[in-house]
Amino acid sequence: MAETLIDNLRKTFPQAEIQATTSFGPALICSSGADLPEVCRILKTDPVLGFDVLEDQTAVDTGTQFMLVLHLVCSREISVRLTVKAPVEREKPEIPTLAFLFGCADWYEREIYDMFGIKFKGHPDLCRILLPEEWQGYPLRKDYADDKLLKRPGV
Amino acid sequence: MRYLFAPAELFPILLEGLRGLAVWAGLPVMAGDWAGAALVMFGLFAFCALTVMVLVYAERKIAGHMQARIGPMRVGWHGVLQVIADTIKLIVKETWVPGSADRWVYRCAPYVVFTAGFLALIALPLDRDLTPVHLNLGLIYIVAVGTPGVIGILMAGWSSGNKYSLIGGMRSAAQMISYEVPLLISLMGVVMISGTLDLHMIVESQRVPYIIFQPLGFLIFLISAVAETNRNPFDIPEAESELTAGFHTEYGGIRFAYFFLAEYVNMFVLSALAATLFLGGWQGPWFPGWVWFLAKTGAILFLFIWFRWTFPRFRADQLMDLSWKILTPLAFLNLLATGLILVLL
Amino acid sequence: MRNLETDYPEALKTEEITLNMGPQHPSTHGALRLILRLDGERVVSARPDFGYVHRGLEKMAESLSYVQYIHITDRIDYLSSIMNEWSFCLAAEALAGIEVPRKAEYLRVLTAELCRISSHLVWLGAMGMDLGAFTPLTYTFREREMVLELFDLLCGQRMTFNYFRLGGVVRDLPPEFTKQTQAFIKYFERLPDIYDQLLSDNPIFLIRMRDIGHLSPATAHSHAVTGPNLRGSGVAQDLRRCEPYSVYPDFDFQVVTCQEGDALARYRVRVEEMRQSARIVAQVLEGLPEGEVRSKVPRVLKIPPGEAYVRVESSRGIQGFYLVSDGSVKPARCRIRVPSFANLSVLPQLVKGVKVADVVAILGSLDIIIPEIDR
Amino acid sequence: MATIIGFYLLALLAIGAGILLVSSRNLLHALLGLAVASLAVAGLMLGLRAEFLALVLVLIYVGAVVVLGVFAVMLTGHFEKAVLPPSNELKILGGGTALALLVLITGVILIQPLAPDAVPAQVPIQKLGALLMTDYVLPFELVSVLLLAALVGAIVIARGKED
């Protein structure tokens, strides 16, 4: 099952890097953020792959860059899942939106914008979602500094 | 047959006393009559306050036991003084007017609502000889003086300057207008059988309670009465899960107490009306008439309370459907059938 | 002479008003604000606004060790906190390669299903309350109290249990627990029937719940709606069956679905799920194996670099943790996938064109929980 | 004595409320003025022992007309400040009509001799009903047709143009 999925992915995306992660399904790593919408569109509409549920979307700050992480699931069979990753530059954090593909991407992207400051081009309503509008900075960045942030010594 | 306590016999004695007092003080005899009238009003107000207190306590206790709890227990024996404590709290609370309110309309609204309910109380025949004011158009009187209550609720909803209040007020207006229709028409069956609008004569004419002849009329009246008093399942004007507290969201202290009072007085008036028209009023064996009257009223009040703690709430448009598409046609049907039977017999 | 209709168009038009439902409102179940545009009583548009109880739980994870973080997960969805502990432990165990003894798996299933029952009970009471029926709430809270007492017996806590540990659970069942739980299950079996009498058979309840908030499977998938909400739309997806984790394959239970997709369907699914959970609890108690409840895990646990995304079927849908480890004792990134966030995102679509009263019913039928959304 | 005091009090109230009704810019206040005026007039009718008419007046004017009016005010326009649009174009026509009405009423009062004790005997409602159904059946039905027309007009306005 997992092998055929990886084969199918290799066939559909010959250039992309594909990892066969053991604990949670394969991962597809896009070389740049710009082709993410196209990749997702193919993943969603392809009759064989059919990853049409965006279960989760988040980002990770690796220190040198942001990595956008998408957890996609097949609506026919939720045990079939795929992680899609796309790098985002730290200096100019911009990536095209997926809001037109998935209904829930709207809010997920707002949350990522809220926490990481990644701007989603073409998003219908990009504003903070959890934090207040006037909040300064993006808390989940590794270099985020805040007077109120508790420093825990020696953990 | 004489009963130990016959309050009706007290009043003439009292009136004579007051007249005597007026003459002794050098005032016209009429002053005694006015004092007597004031005394009746005062007595009615006391009766009204007492009834509401008993009702509130009963409601809380019944609700508690229906809900697997025990209700108020702390103030007094089994919480009997809880209502008094609450009343004192409401009276001593600071009253204030929201900044966005229409001041005078906001201030008047609770009293308009209360007065409408209270005035209806005057014409209720508690016993054969115990009616504060005996009117030969008693039924229409009760229905008519109750109508300004709607305006009071609208005034409250509009003047508070709060959107929840506004929606509550609008819902309330729509609801009360709609249910007034089946309510009135369902009463007409009884009027046709008894041939009078005098509540006394209606009671006297009941050899058997009219609920036997007018079961449908009673049912329609009961449902419409629950809706008229904005009680669950028709409590959409104050639906707390949607509109926080509806038209009286912005009210507190004594003004809120008046709304509260009005709700229970209205409930009492409509229950008493149902008891008078359909259950034979004060008539009944062994006990004094007023005991029967209060017992029958109490039974219907219990139904009100039972409904409230059992049913979910209707939606506004479903409520309208029920009134206009089901109750009103049924009420007309009832009227028609009653008329036909009366003509044929 | 002026024409009222042409000269004063706004005088005849019913005015749209903006109604702020919440953040302090009896039926938003917490600090949720719905900005409603109303035309009379009809909803033109709705925009949820939240974040009032945002505590930065994801940021917090980056400064706490894996072991220290378990009790924090209780605060995500406080009504089914065991599920949060479970998915976090599963994610950390997957990263560290920790085995869980079979008995601990049974205890995890046992507590999780009890938790699901208590969570659904709270929802049921609140749902009745939203529709103006106050009495069911007192009944469901009475039963929930029994579940909470069981948990009190088990781990000394009523809501934030902190019962799970990496590699198992903190302690075995106390001696009287089995008997009390069996008594509770026996008592609980007939309860859904009582709720049926109070709510499901009530005509007012039915007309309020039927045909409102219709959620089609396509919309549900697009918004990643999961859990009972998705199953109410007729999609038989339950992680306990589709991607069985722990020892769920050992037990006999049904994945409850309802085809209609309206608020009533979601209601029916949850009531029936309580029955199924009670069945699982009974089976766990019957087949409880002997042995350790916790495997040996080093006190200072360094987890090798890597990442894991593990999900469980929580009471409200798929709840997951995405953990990224950099090889230290603390996670480098801890992402919490919560079901309510996605479930709420579908609300603006569901409430378009309905009455204010239905907003409350639909919101209630989605069973969202605010601390989970805000994190 | 008491009846005279009562009469003047009620008459003053009715006039005051009437002035509020026509002069207030706030629609809701105007409608409340109408309600108070109706109640006061009903009180006057009670003084004339026309109890049935008084109660029907309360029932219909206060219970239905004013309530519907307030309802309409709340549904339309800005509810915070429901203010009438200023319209002075009909000054002459309106003033003329009012004047004509005044002359008419004054004339009737002057021509019709008033009984010294202006308390008529109570009319039984049965008689009233019978008269409405026999001698005055045509005006009665005409009024109901008028009401029907008003009802249809209201529906036409309420439905709007889109459907």
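The values are calculated or read from the model by the stated rules, or taken from the named source; none is laboratory data. If you're wondering where the values come from, they're calculated on a predicted model, not measured in any experiment. In this analysis, Cβ positions are derived from the backbone assuming ideal geometry, glycine residues included, and neighbour counts consider all displayed protein chains. These area figures cover heavy atoms from the full protein model, side chains too; ligands, DNA and RNA do not enter into them. Shrake-Rupley method; radii C 1.70, N 1.55, O 1.52, S 1.80 Å.
Looking across B:319, B:303, one residue alone is in contact (Cβ under 8 Å) with a residue 40 or more places away in the chain and open to solvent by 40 Å² or more (accessible area, probe 1.4 Å). It is B:303. In region C:307-321, the condition of being assigned to a loop (DSSP other than H, G, I, E, B), within 11 Å of chain A (Cβ to nearest Cβ) and under 21 Å from residue C:69 (Cβ atoms) is met by no residue. Of all the residues in region C:43-63, those that are surrounded by fewer than 17 Cβ atoms within 10 Å (Cβ to Cβ) and part of a strand (DSSP E or B) number 4. With respect to the stated conditions, residue B:121 fails to be touching a Phe, Trp or Tyr at 6+ places or on another chain (Cβ under 7 Å) and in contact (Cβ under 8 Å) with a residue 40 or more places away in the chain. Residue C:152 falls short of the stated requirement of being in a loop (DSSP other than H, G, I, E, B) and not basic (Lys, Arg). Counting just the residues of region C:124-136 that are open to solvent by 10 Å² or more (accessible area, probe 1.4 Å) and touching a residue at least 60 places away in the same chain (Cβ under 8 Å), which one comes out nearest to the chain's Cα centre (by Cα)? It comes out as C:126. Applying a threshold of 7 Å to beta carbon distances and a minimum spacing of six or more residues, or different chains, the list of pairs starting in region A:58-79 at a residue that is among the acidic types (Asp, Glu) and ending at one that is open to solvent by less than 20 Å² (accessible area, probe 1.4 Å) reads A:61/A:116; A:61/A:140.
Scanning region C:281-294 for residues that are in a helix (DSSP H, G or I) and acidic (Asp, Glu) returns a single hit, C:286.
If you go through region C:80-118 and keep only what is among the aliphatic types (A, V, I, L, M) and open to solvent by 10 Å² or more (accessible area, probe 1.4 Å), you end up with C:90, C:94, C:95, C:96, C:98, C:100.
Per this entry, residue C:164 is counted among residues that are buried (at least 24 other Cβ atoms within 10 Å of the Cβ), more than 14 Å from chain B (Cβ to nearest Cβ) and hydrophobic (A, V, I, L, M, F, W, C). Each residue in region B:225-255 was checked for being within 14 Å of chain C (Cβ to nearest Cβ) and at pLDDT below 85, and 18 of them qualify. All told, residue C:222 falls short of being at pLDDT 85 or above, within 19 Å of the chain's Cα centre (by Cα) and not aliphatic (A, V, I, L, M). For region B:157-201, the set of residues classified as free of Cβ contacts under 8 Å to residues at least 60 places away in the same chain and of a type in the set (Phe, Trp, Tyr) consists of B:158 only.
At least 2 residues being of a type in the set (Lys, Arg) is the threshold, and among the helices (runs of 4 or more DSSP H) wholly inside region B:41-158 those reaching it are B:103-121. For region B:270-297, the set of residues classified as within 12 Å of the chain's Cα centre (by Cα) and open to solvent by 10 Å² or more (accessible area, probe 1.4 Å) consists of B:270 only.
For region C:346-364, a residue qualifies if it is within 14 Å of chain B (Cβ to nearest Cβ), in contact with a strand residue (DSSP E or B) (Cβ under 9 Å, 6 or more places away or on another chain) and open to solvent by less than 10 Å² (accessible area, probe 1.4 Å), and the qualifying residues are C:351, C:356, C:358, C:359, C:360, C:363.
Across region B:17-40, the number of residues qualifying as surrounded by fewer than 14 Cβ atoms within 10 Å (Cβ to Cβ), within 14 Å of chain D (Cβ to nearest Cβ) and not in a helix (DSSP H, G or I) comes to 1. Just so you know, in region B:147-173 the residues that are among the hydroxyl-bearing types (Ser, Thr, Tyr) and more than 9 Å from chain D (Cβ to nearest Cβ) include one that is surrounded by the most Cβ atoms within 10 Å (Cβ to Cβ), and it is B:165. Is it the case, given these coordinates, that residue B:112 is open to solvent by less than 30 Å² (accessible area, probe 1.4 Å), over 22 Å from residue B:220 (Cβ atoms) and aliphatic (A, V, I, L, M)? No; evaluated as a whole, the condition is false for this residue.
Let's see how each residue does on (1) over 24 Å from residue A:67 (Cβ atoms); (2) open to solvent by 10 Å² or more (accessible area, probe 1.4 Å):
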position	(1), (2)
C:283	yes, yes
C:289	yes, yes
C:306	no, yes
C:310	no, yes
C:314	yes, no
C:321	no, no
C:327	no, yes
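Considering only region B:188-210, I want to know if a residue exists there that is more than 18 Å from the chain's Cα centre (by Cα), within 9 Å of chain D (Cβ to nearest Cβ) and closer than 28 Å to residue D:31 by Cβ. Checking region B:188-210: not a single residue is more than 18 Å from the chain's Cα centre (by Cα), within 9 Å of chain D (Cβ to nearest Cβ) and closer than 28 Å to residue D:31 by Cβ. Residues of region B:174-184 that are over 19 Å from residue B:246 (Cβ atoms) and open to solvent by less than 20 Å² (accessible area, probe 1.4 Å): B:182, B:183.
The condition of being over 27 Å from residue C:251 (Cα atoms) and outside any helix (DSSP H, G or I) holds for residue C:76. Scanning region D:73-104 for residues that are at pLDDT 85 or above and open to solvent by 90 Å² or more (accessible area, probe 1.4 Å) yields D:93, D:99, D:101, D:102, D:103, D:104.
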